[in-house]
Structures are given as structure tokens and as C-alpha cells.
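Beneath this line is the structure, given in C-alpha cells, with notes to follow.
The values are calculated or read from the model by the stated rules, or taken from the named source; none is laboratory data. What you see is a predicted model, and the numbers here were worked out from it, not measured in a lab. Every residue, glycine as well, gets a Cβ built from its backbone with ideal geometry; the counts of neighbours run over all protein chains shown.
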Amino acid sequence: MPRVLFVASHRLGRAPSQRFRFEQYLEHLTGEGIDWEFSPLLTVEDDATFYGRSSALLKAWVLARCALRRTRDVRRASEFDIAFIQREAFFGGWPVFERAFKRAGLRVVLDFDDSIWLLDVSDANRQYGWLKRPQKTAEIARLADAVVGGNSFLVDYARKFNPNTVLIPTTIDTRSYKRTIPRRTSGSLCVGWTGSPTTIRNFECGVPALLQMKAKYGNRIQFKVIGDGSYRHEGLGIQGEAWDSRTEVESLSTMDVGIMPLPDEDWSRGKCGLKGLQFMALETPVVMEDLGANREIVTDGADGFLASGHAQWVAKLSLLIESADLRERLAVAGRRTVEARFSVDSQKAAYVQVIRDLARTPSR
């Protein structure tokens with residue numbers, strides 16, 4: 001029976017990059033006879049300190065405790081066969097713990113779903129950005145026995161350093177992701193976005209088009225943002241709603257059209273289309289930026305819309321606002337696409353295969 005230590009930054013249920021990747025497969029792995037344990041870096045209290053406006057001394061104390069937790073993991077490495085690392089084993093610029101797991105004889109898997117070789121720092125920790133040294137992603141990929149990337153852009157990057165790289169897309173558990181509120185066929189339609197305080201800038205890319213839509217349709221449309229409770233936009237009448245795992249599906253089900261605007265940059269090309277997939281799984285028609293993994297997810301006009309530039313965004317949103325039949329057709333087709341290619345059921349065998357293959361292969 002393979003024994004796997006899942007190594008990640010956040011506790012279960014906290015981070016989308018974990019929730020919609022390996023966390024969804026843990027129950028299935030157990031059913032397949034794979035023994036696993038989960039080791040996060042940050043506790044609830046540490047999380048508030050690390051990502052808040054705390055002093056440098058308090059943040060350093062959090063990092064010290066995190067380093068101690070990882071050191072304990074390395075010391076008990078003999079209990080496991082594989083270290084499955086989501087993005088990185090520890091914050092900071094050098095793959096110290098990844099190398100330690102290798103020296104201890106573990107086979108290492110790197111799983112990632114963003115362009116993490118590019119520098120991206122939260123506002124609360126921007127002054128410490130120099131500590132991140134994002135090029136360590138290449139070093140982890142080189143030493144890993146296998147790499148799992150969430151889209152073609154990420155896989156192409158990783159294969160420069162490790163030929164044993166596979167694509168497993170970010171997925172939705174379609175058994176639990178089911179619409180709870182019927183879509184409106186008349187009255188004021190809700191155009192919505194979901195994300196976090198750190199990704200609200202992506203929503204802002206779509207604001208000029210939304211303002212034109214507001215001028216065009218008036219009270220026929222309303223707008224909603226989930227994930228940043230502090231966000232306000234008077235012109236669009238938006239008061240942001242905080243994300244809550246307990247009400248996520250219900251809150252997203254209030255939207256009649258889902259949007260995923262993005263800036264045209266390499267960080268965006270590394271995105272795995274999660275926001276769009278969430279909407280599509282809930283049978284909400286989507287308009288997504290014509291960029292990166294979104295092109296792998298949506299066939300324009302068949303199961304959603306792709307848009308690039310202000311004029312296209314306005315034109316395609318207008319088509320959806322004006323036609324209930326089109327909204328229904330794309331909604332149903334979008335759900336089918338997720339079930340076929342981007343659901344837990346469609347990809348669970350791939351995760352099991354990565355682990356079983358490594359369990360039969362000596363560490364490099």
C-alpha cells in the first residue's frame with residue numbers, strides 16, 4: 001500500500017489551489033487502498049497573522065513554527081513512500097525541505113496550478129517579496145520524480161525541467177456542485193464574479209464593459225462579487241460578499257451569468273479557469289477571457305463564450321442578457337463539458353495513476 005504525505009501551505013478547505021486539486025481526491029485515494037496523511041504549514045491563528053498587517057517579528061515567529069513543522073515531517077519521512085507537494089513545501093526562496101525529502105528517500109511529486117515561477121505577492125507581504133525567489137519552482141521541478149500541472153501553459157514550463165510531467169486539470173466535484181436556485185428567465189438578471197481579495201484586480205479588468213452594460217440595460221441587470229467582502233463599486237451597485245464555504249454553492253447559484261475577465265499577462269495564462277468551471281458546473285452560462293486555459297475549457301458559442309477586448313465583452317454579454325434560450329443552451333452544455341473533462345470523476349484515475357506509478361519506481 002503506497003503511503004503518501006500531502007504537503008501544503010494551508011489547512012483543509014482553506015485554499016482553492018488545494019480544494020479543487022488534490023483535496024477532492026483524498027477520499028477516493030483511500031478507497032483505492034492508498035494510505036495518506038496531510039501536513040499543512042499554517043494554523044488558523046498563523047493564517048491571520050501571516051496574511052494580515054502584523055509586525056515583521058510576529059510573521060517571523062509564524063515562519064519559525066512552520067519550519068519546525070516541516071522539520072518534523074522530514075524526521076518521520078521513513079513512514080511514507082511519497083511526498084506530494086502542492087506548490088511548495090515551505091515559504092521562501094530555496095527548496096530546502098523538498099531536497100530534504102529527497103535525501104530521506106521519498107519520491108517527490110510537485111503539483112501546481114499557477115505561474116508560480118513569476119513573482120506574485122499579497123499586499124500584506126509586498127515588502128517581503130524579495131524573499132520569495134520564484135525561480136525555485138524550476139529547482140523543485142528538476143528534483144521531483146513527477147510534476148502535475150493544471151493546464152498546458154504550466155505543463156510546457158515544467159517539461160523544460162522534468163520530462164515526467166503530466167496535465168491534470170483543476171476539477172469540480174459535480175456530485176456536490178449542483179445549482180440550488182433556478183435561473184431567471186425574466187426580470188433583473190445577475191451578472192456575477194467570484195474570487196478573493198487578492199484576485200479582485202482581475203474583476204476590475206471587466207468593469208469598463210460592465211459599466212457600458214449597465215448604461216445599456218439599466219435595471220434589467222445587476223452585478224455581484226463574491227470573495228471580497230470589502231469590495232465596493234457604486235457605479236455598478238456592488239457591495240462585495242465574503243466567501244463562505246458553507247454557502248458557496250448557494251451564493252453562486254444566485255448568478256444568471258458568470259464572468260471571468262483577466263489581464264493579458266503570463267500570470268493569467270497560468271490560471272486554470274476555476275471560476276469559469278464553478279459557474280459551468282452550476283449550469284450558469286459564462287463569458288471568459290479568451291486566454292490561456294480558458295481556451296482549453298470553453299468552445300466559443302458551444303458551451304460558453306470567450307471574449308477579448310471591450311467590444312467583444314459587451315457584445316457577448318448582450319447576447320446572453322437578451323436571450324433566455326441562449327442562456328439555457330450554453331448552461332446545459334457547460335455542465336456537460338465539466339462532467340466530461342473537468343470533474344473529479346473524469347480525472348480521479350489520473351491522480352491514482354501518478355501515485356501508483358511512483359510507488360513502483362525508485363526515487364531519482
Selected residue (criterion: farthest from ASP113 (Cα to Cα)) from residues of region 135-160 that are of a type in the set (Val, Ile, Thr) and assigned to a helix (DSSP H, G or I) = ILE140
What are the pairs, 6+ residues apart or on separate chains, where a residue within region 219-231 that is touching a residue at least 40 places away in the same chain (Cβ under 8 Å) has its Cβ under 8 Å from a residue that is surrounded by 14 or more Cβ atoms within 10 Å (Cβ to Cβ)?
-> ARG220/LEU189; ARG220/ILE321; ILE221/LEU189; ILE221/CYS190; ILE221/VAL191; ILE221/MET213; ILE221/LYS214; ILE221/ILE321
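Return the residues of region 161-200 that are assigned to a loop (DSSP other than H, G, I, E, B), among the small types (Gly, Ala, Ser) and under 28 Å from GLN347 (Cβ atoms); say none if nothing qualifies. Please lay out each step first, then the result.
The first filter runs over region 161-200 and keeps only residues assigned to a loop (DSSP other than H, G, I, E, B), leaving 161-164, 168-171, 173-188, 195-199.
Cutting the leftovers down to among the small types (Gly, Ala, Ser) gives us 176, 186-188, 195-196.
Passing the criteria: SER176, GLY195, SER196.
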Looking for whichever is outside any strand (DSSP E or B), touching a strand residue (DSSP E or B) at 6+ places or on another chain (Cβ under 7 Å) and not small (Gly, Ala, Ser) here; the options are PHE203, PHE223. Which one fits?
-> PHE203
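Only one of PHE38, PHE91, PHE84, PHE50 is buried (at least 16 other Cβ atoms within 10 Å of the Cβ), under 27 Å from the mean Cα position of the chain (by Cα) and at pLDDT below 90; which?
Values: PHE38 fails: at pLDDT below 90; PHE91 fails: at pLDDT below 90; PHE84 fails: at pLDDT below 90.
The unique qualifying residue is PHE50.
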Scanning region 306-364 for residues that are assigned to a helix (DSSP H, G or I) and hydroxyl-bearing (Ser, Thr, Tyr), which turns out surrounded by the most Cβ atoms within 10 Å (Cβ to Cβ)?
-> TYR351
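Would you tally the residues in region 1-21 being polar (S, T, N, Q) and within 8 Å of the chain's Cα centre (by Cα)?
The qualifying residues number 2.
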Is region 277-290 home to any residue that is in the same structural domain as ILE200 (by TED's automatic domain parsing), without any contact (Cβ under 8 Å) to a residue 60 or more places away in the chain, over 17 Å from the mean Cα position of the chain (by Cα) and in a helix (DSSP H, G or I)?
-> no
Scan LEU68, LEU106, LEU119, LEU110 and give me the residue that is more than 23 Å from GLN353 (Cβ to Cβ) and modelled with pLDDT of 95 or more.
-> LEU68
With the condition kept exactly as written, say whether any residue in region 244-261 is acidic (Asp, Glu), in contact (Cβ under 8 Å) with a residue 24 or more places away in the chain and in a loop (DSSP other than H, G, I, E, B).
-> yes
Only one of these conditions is not met by CYS272: (1) in a loop (DSSP other than H, G, I, E, B); (2) touching a strand residue (DSSP E or B) at 6+ places or on another chain (Cβ under 8 Å); (3) surrounded by 20 or more Cβ atoms within 10 Å (Cβ to Cβ). Which number is it?
-> (2)
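With the structure loaded, tell me whether ARG14 is of a type in the set (Lys, Arg), under 30 Å from ARG246 (Cβ atoms), assigned by TED's automatic domain parsing to the domain that holds SER152 and not in a helix (DSSP H, G or I) or whether it fails that test.
Spelling it out, ARG14 is indeed of a type in the set (Lys, Arg), under 30 Å from ARG246 (Cβ atoms), assigned by TED's automatic domain parsing to the domain that holds SER152 and not in a helix (DSSP H, G or I).
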Number of the condition not met by THR299 [criteria: (1) surrounded by fewer than 16 Cβ atoms within 10 Å (Cβ to Cβ); (2) of a type in the set (S, T, N, Q); (3) over 24 Å from VAL155 (Cα atoms)] = (3)
Condition test on ALA89, is it part of a loop (DSSP other than H, G, I, E, B), within 30 Å of TRP243 (Cβ to Cβ) and in contact (Cβ under 8 Å) with a residue 12 or more places away in the chain?
-> yes
